[in-house]
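Just below is one structure, and these are the notes that go with it.
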Amino acid sequence: MTIVIIGNPNVGKSLVLNRLTGSNFIVSNYAGTSLEISEAMLKLPNHEIKIIDTPGVYSVFTMGQDQQVIKDLLQKEKPELILNVLDASNLERNLLLSFELKELGIPMIVLVNQIDRARRLGMQIQRDRLENILGAPVVFFSAITGEGLMELMQMLEKNIDEFAWPSRIESFFEQEKKPECVFQCRECSIGSESCLSSEDFRRAEMARYTAQLVVHGQSETQRYWMEKAEKFIDRPLSGTILLLALVFLGFFILLKFIELSEGPISALLYPLNLIIENFVANLLPPGIVNTVLSKAIPEGLIIPFTIIMPAMLMVSFLMSILEDSGLLPRYSVALERVGRLFGVSGQAVIPLSLGFGCRTPAVLATRLMPTMAERFIVITILSIVIPCAATIGVMAAVISAFHASLMVLVITMLMVLMVLGFIISRMMPREEVFVYELPPLRIPTNKNVLKKVRLRFAGFFTEVLPLLLVMNIIIRALMESGFFKLFHSMEGFTRALFGIPADAFVAVLVTMFQRYLAPLVLLNINLTPREATIAIAMISLSLPCLPVMVMTVREIGFKGLIKILIIGFITSFVVGAALNLILPW
Amino acid sequence: MYLKDMRTGQSGLVVKISKGHAAERRLFEIGLVPGASVEVVSRHPFHGPLLLQVGNTRVAVGQGIAEAVEVEINSSSGSTP
């Protein structure tokens, strides 16, 4: 048996799936977290049920990309049951979708989620009345407290034989392809791309009427203090100031944490390091392989732990709080004007800020952008300008090692962000449609935050650590073998153009493909602060890492990636040359 | 009168939306349809976005949208400017 979960964005569909099946899908407090379809198995005493989670939609009868995904899914999977998840505190808008789903004729259970929050807001929902109007069983559910979980499972177990995929549904999907419906859709039961049918309005009316009928007593007790905080934050001046203050606080905590943790971690790892070094050195016969491995392995272990781990840990934590509290979408509103300068709408704030964690999921999150042109702009900026957590850790280490200028680097990055955004957006067609739903503010639960930190941080062990170890051995081998010396003839060229020695330029070229490697290569060269600043700037503003490239091809195709790579190379070289001209010392 | 002309705290009924089908669809999805009541929660300066309360949902819309939504002000929520 197959069940499909359908509901509005940000009503907690993924959390419902997690509760039901015990799986671990990422849950956030903003619209559009589940951009892809995920599925999991629910094991009941006598049955096994496949449950499929879908991207949030407001309507299944419209023509968007997400709606098509759901329609295709329904036709392919032929589910016996739809689990329609609603947000209890927002029934009016949610019910619109329920009325649409009702017309499909697939058996349905309506899950009124976040019932605990609705009760706190003082709302009473009349369950039997709602069941009568919708003609479907209603379950009050709270993914946070677990309310309704047993009831739902029992309901599934008991009625499992009654659920079935209706045969008449095929003709229903055909209907929207009829020419009459395209030209005179007001007469059809499904609206079309070009207009809203009278049925659309009837359903909207029904939803409004139903919500009024079944929900009681919401206005008196709405003075809940979260709402007060919301009022404060949603005021333009006080809110923007508070949001910016929080960003500064976040970066301050992040940098302090990196600074404070490096000492203890390396002190802790130092003995271990010596043991590994001695072990490797004694294991292998003396020679170049011995030298390379005995140096590279301990180094390849200690750098990720001291430099990258703290940054990744802290960024994961801060990002999780930002997501779950409902603050993140508020940034898109506060920064909407600023974003316009770069040719993107406020929605871009979400993928861009996710990029500070890891850029790979951030590229996926660009699906939130309304147009393909804007997606390209955001992916380009993400790939070239935004430093991910691992990069931040790496850069912080190199900056302090060479006393490079942090201020020059930050200003350079901001300048590139502005110039790049400005140029790309002028090359793209624009249309100003900014509509974004703001979720209610919530206090993040410890459990959810911890889970997210764990999920985000898993990449450290599966990706960062092995990659760095392998790359470190390769780089060490190249250095010991004298390969890099071959580039010394370029010294005159690199000095003249970028003001850095040939060694550093080679380092720049290597690290363009993998920024984590910057410290490994650079720390072995003697650089003045000026040279280091230029080299780090060129590295920070270059190409996306390999996982991001793969994701980019998946999302916007090979051509898009090629364009981004070309822009990346140009940016890096222009930045190097410009800094060489500008920097005085 | 249009949404963009409304002041903070004013509420009204949506009369008409004229901003192309894609935008109308988008607005329909979040409940901003003719007949719906909206309240302006706040306005960001420099032609920034408007925060609206539509039913139980808080929605931010850009100026492009605010210029296209025609509203009828509720007389109880303050006089027209």
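General observations
- In the stretch A:486-509, the residues that are surrounded by fewer than 20 Cβ atoms within 10 Å (Cβ to Cβ) and among the β-branched types (Val, Ile, Thr) form no Cβ pair under 9 Å with any partner that is at pLDDT 85 or above and part of a loop (DSSP other than H, G, I, E, B), whether six or more places apart or across chains.
- Residue check for A:Ala458: more than 30 Å from A:Ile582 (Cβ to Cβ) and either of a type outside the set (S, T, N, Q) or part of a loop (DSSP other than H, G, I, E, B) (or both): yes
- Taking the listed residues A:Arg495, A:Arg476, the one that is under 17 Å from A:Ile525 (Cβ atoms), in contact with a helix residue (DSSP H, G or I) (Cβ under 9 Å, 6 or more places away or on another chain), modelled with pLDDT of 80 or more and in the same structural domain as A:Gly576 (by TED's automatic domain parsing) is A:Arg495, with no other qualifying.
- For the stretch A:132-227, the helices (runs of 4 or more DSSP H) that sit wholly inside it and include 2 or more residues that are within 14 Å of chain B (Cβ to nearest Cβ), in contact with a Ser or Thr (Cβ under 9 Å, 6 or more places away or on another chain) and modelled with pLDDT of 70 or more are A:198-214.
- Looking across the stretch A:395-419, the residues that are part of a helix (DSSP H, G or I) and buried (at least 20 other Cβ atoms within 10 Å of the Cβ) come down to A:Met395, A:Ala396, A:Ala397, A:Val398, A:Phe402, A:Leu409, A:Thr412, A:Val416.
- The numbered conditions (1) assigned by TED's automatic domain parsing to the domain that holds A:Ile258; (2) free of Cβ contacts under 8 Å to residues at least 12 places away in the same chain are all true for A:Asn446 except (1).
- Taken as a whole, the stretch A:382-394 holds no residue that is under 20 Å from B:Ala60 (Cβ atoms), part of a helix (DSSP H, G or I) and not aromatic (Phe, Trp, Tyr).
- Any hit, the stretch A:364-377, residues being closer than 24 Å to A:Ile303 by Cβ and more than 14 Å from chain B (Cβ to nearest Cβ): no
- Meets criteria (touching a Leu at 6+ places or on another chain (Cβ under 8 Å), in the same structural domain as A:Ser425 (by TED's automatic domain parsing), outside any loop (DSSP other than H, G, I, E, B) and not acidic (Asp, Glu)) for A:Val550: no
- Looking at A:Phe248, A:Phe232, just one residue is closer than 30 Å to A:Ala118 by Cα, among the aromatic types (Phe, Trp, Tyr) and exposed (fewer than 14 other Cβ atoms within 10 Å of the Cβ), and that residue is A:Phe232.
- Within the stretch B:1-51, the set of residues being among the small types (Gly, Ala, Ser) and over 22 Å from A:Gln65 (Cα atoms) comprises B:Gly9, B:Ser11, B:Gly12, B:Ser18, B:Gly35, B:Ala36, B:Ser37, B:Ser42, B:Gly48.
- Test: residue in the stretch A:465-472 that is at pLDDT below 85, within 27 Å of A:Leu417 (Cα to Cα) and surrounded by fewer than 19 Cβ atoms within 10 Å (Cβ to Cβ): no
- Lone qualifier among B:Gly12, B:Gly31 - being assigned to a loop (DSSP other than H, G, I, E, B) and either β-branched (Val, Ile, Thr) or in contact with a strand residue (DSSP E or B) (Cβ under 8 Å, 6 or more places away or on another chain) (or both): B:Gly31
- Put simply, of A:Ile82, A:Ile70 the only residue that is buried (at least 17 other Cβ atoms within 10 Å of the Cβ), at negative phi, assigned by TED's automatic domain parsing to the domain that holds A:His216 and part of a helix (DSSP H, G or I) is A:Ile70.
- B:Gly64 modelled with pLDDT under 85, facing chain A (nearest Cβ under 7 Å) and part of a helix (DSSP H, G or I): yes
- Within the stretch A:296-337, considering residues that are assigned to a helix (DSSP H, G or I) and closer than 21 Å to B:Arg43 by Cβ, the one farthest from the other protein chains (Cβ to nearest Cβ): A:Tyr331
- Evaluation of B:Val40 against (1) at positive phi; (2) of a type outside the set (Gly, Ala, Ser); (3) at pLDDT 80 or above (one fails), failing number: (1)
- Selection within the stretch A:326-356 - over 22 Å from B:Arg58 (Cβ atoms), surrounded by fewer than 24 Cβ atoms within 10 Å (Cβ to Cβ) and not aliphatic (A, V, I, L, M): A:Phe342, A:Gly343, A:Phe356
- Residues being within 11 Å of chain A (Cβ to nearest Cβ) and of a type in the set (Asp, Glu) - total across the stretch B:12-45: 2
The values are calculated or read from the model by the stated rules, or taken from the named source; none is laboratory data. If you're wondering where the values come from, they're calculated on a predicted model, not measured in any experiment. Please note: Cβ atoms are built from the backbone with ideal geometry, for glycine as well, and neighbour counts cover all protein chains shown.
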